[in-house]
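Since the structure comes first, as structure tokens, the remarks are kept for the end.
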Amino acid sequence: MVMVFLLLTFQLWGQERQTVMLAEGDSVTLNANSEHAISYQWFRDGEPISGVETSSLVVREAGSYTVIGLGRFCDSDMSDAVEVILTDQSGPKQVDMMIRNHADRQAVLIGQTISYQVTTTNKSTETATQVTVKISLPEGVKYEQITGAYLGEATYNPTLHELIWVIERMEPEQSESFTFTVVAEEEGQADQLAVVSSLEEDLNRTDNQALARVEIVALRIPNAFSPNGDGINDTFEIIGLEFLQNADVGIYNASGNEVYRNKNYQNDWDAAGLPSAVYFYILEITYQNGTTQVLRGPVTVFK
């Protein structure tokens with residue numbers, strides 16, 4: 001507790017106003033000293049403070065405080081003022097922003113759509129401001145569109161191949177989500193990184209970024225296989241078949257006769273009972289989005 005003495009005086013000219021900086025929640029004691037006073041009247045911003053007649057006053061609020069000493073025959077002049085100013089000494093606010101980053105699938109074929117959902121949460125007890133999520137898209141995808149409603153503003157920068165999502169204010173424990181789609185264009189591993197930040201210092205930076213990994217696969221149809229029982233290349237195996245909704249396979253010999261048919265192919269044709277020869281396939285595939293495509297070509301069987 002801070003102690004401040006007010007010297008009551010009849011001569012106020014030339015006196016400097018006293019200033020006390022007080023942190024919120026703390027208090028300061030103002031003490032008046034008048035030789036012949038039998039009681040005191042305190043004032044805050046010129047208004048009398050009731051209930052206090054002693055020479056001491058405990059102050060917890062900002063304001064301009066003065067006092068008069070009340071005597072038996074006369075009263076003192078008003079004292080010089082003590083200016084009490086409340087200051088925030090708690091330091092800069094700190095928050096704890098967390099981000100989650102999810103793709104709707106772990107692997108896709110070239111040409112298929114990937115949907116990402118990015119969720120950020122303010123895990124702290126303080127309000128976070130200018131929350132910014134930077135989403136860096138992988139090279140192997142093409143940005144398509146934002147889907148659904150979201151809080152704040154989002155922009156796509158084609159030069160940097162990234163999305164910037166900004167939320168002006170997030171209250172404690174508030175979570176917000178942002179969903180968008182891309183199209184897979186190049187075979188390989190596609191890593192999409194999302195990073196969250198705010199104007200406030202973050203208490204835990206270990207959860208400020210999250211990676212969503214998707215494998216982009218090219219559909220490959222073999223032009224030859226050798227069903228000899230060695231466990232290597234024993235069937236007509238279509239790479240990427242598991243990412244299709246359905247595959248209807250028909251196999252024909254050189255004369256155009258159908259020698260094999262499976263309307264829900266599972267990579268299991270081993271040319272059983274057929275000689276080594278060049279055959280021809282007609283493959284009708286159905287993608288996950290319902291679109292279809294017909295592919296044709298030769299396949300050589302070596303036995």
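For this structure, a couple of remarks:
- Evaluation of residue 199 against (1) on the phi < 0 side of the Ramachandran plot; (2) assigned by TED's automatic domain parsing to the domain that holds residue 294; (3) at pLDDT below 95 (one fails), failing number: (2)
- Meets criteria (under 21 Å from the mean Cα position of the chain (by Cα), modelled with pLDDT under 95 and closer than 30 Å to residue 22 by Cβ) for residue 125: yes
- For region 22-72, a tally of residues being surrounded by fewer than 15 Cβ atoms within 10 Å (Cβ to Cβ) and part of a loop (DSSP other than H, G, I, E, B) returns 17.
- Test: residue 139 is part of a loop (DSSP other than H, G, I, E, B) and touching a strand residue (DSSP E or B) at 6+ places or on another chain (Cβ under 7 Å): no
- Residue, farthest from residue 245 (Cα to Cα), within region 275-303, restricted to residues that are surrounded by 14 or more Cβ atoms within 10 Å (Cβ to Cβ) and without any contact (Cβ under 8 Å) to a residue 40 or more places away in the chain: 277
- Filtering region 120-132 for residues that are assigned to a strand (DSSP E or B) and without any contact (Cβ under 8 Å) to a residue 40 or more places away in the chain leaves an empty set.
- Some residue of region 150-161 being at pLDDT below 95 and either part of a strand (DSSP E or B) or exposed (fewer than 14 other Cβ atoms within 10 Å of the Cβ) (or both): no
- Residue that is modelled with the lowest pLDDT, among those in region 239-267 that are closer than 16 Å to residue 292 by Cα and of a type in the set (S, T, N, Q): 245
- The single condition from (1) surrounded by 16 or more Cβ atoms within 10 Å (Cβ to Cβ); (2) of a type in the set (S, T, N, Q); (3) not assigned by TED's automatic domain parsing to the domain that holds residue 42 that residue 79 fails is (3).
- Residues in region 241-274 that are buried (at least 16 other Cβ atoms within 10 Å of the Cβ) and touching a helix residue (DSSP H, G or I) at 6+ places or on another chain (Cβ under 8 Å): 247, 265.
- None of 144, 168, 139 is of a type outside the set (A, V, I, L, M), surrounded by fewer than 16 Cβ atoms within 10 Å (Cβ to Cβ), touching a Gly at 6+ places or on another chain (Cβ under 7 Å) and outside the structural domain of residue 50 (by TED's automatic domain parsing) except 168.
The values are calculated or read from the model by the stated rules, or taken from the named source; none is laboratory data. Computed from a prediction, not measured in an experiment: that's the story for all the values here. Glycine gets a Cβ as well: all are built from the backbone with ideal geometry, and neighbour counts include every protein chain shown.
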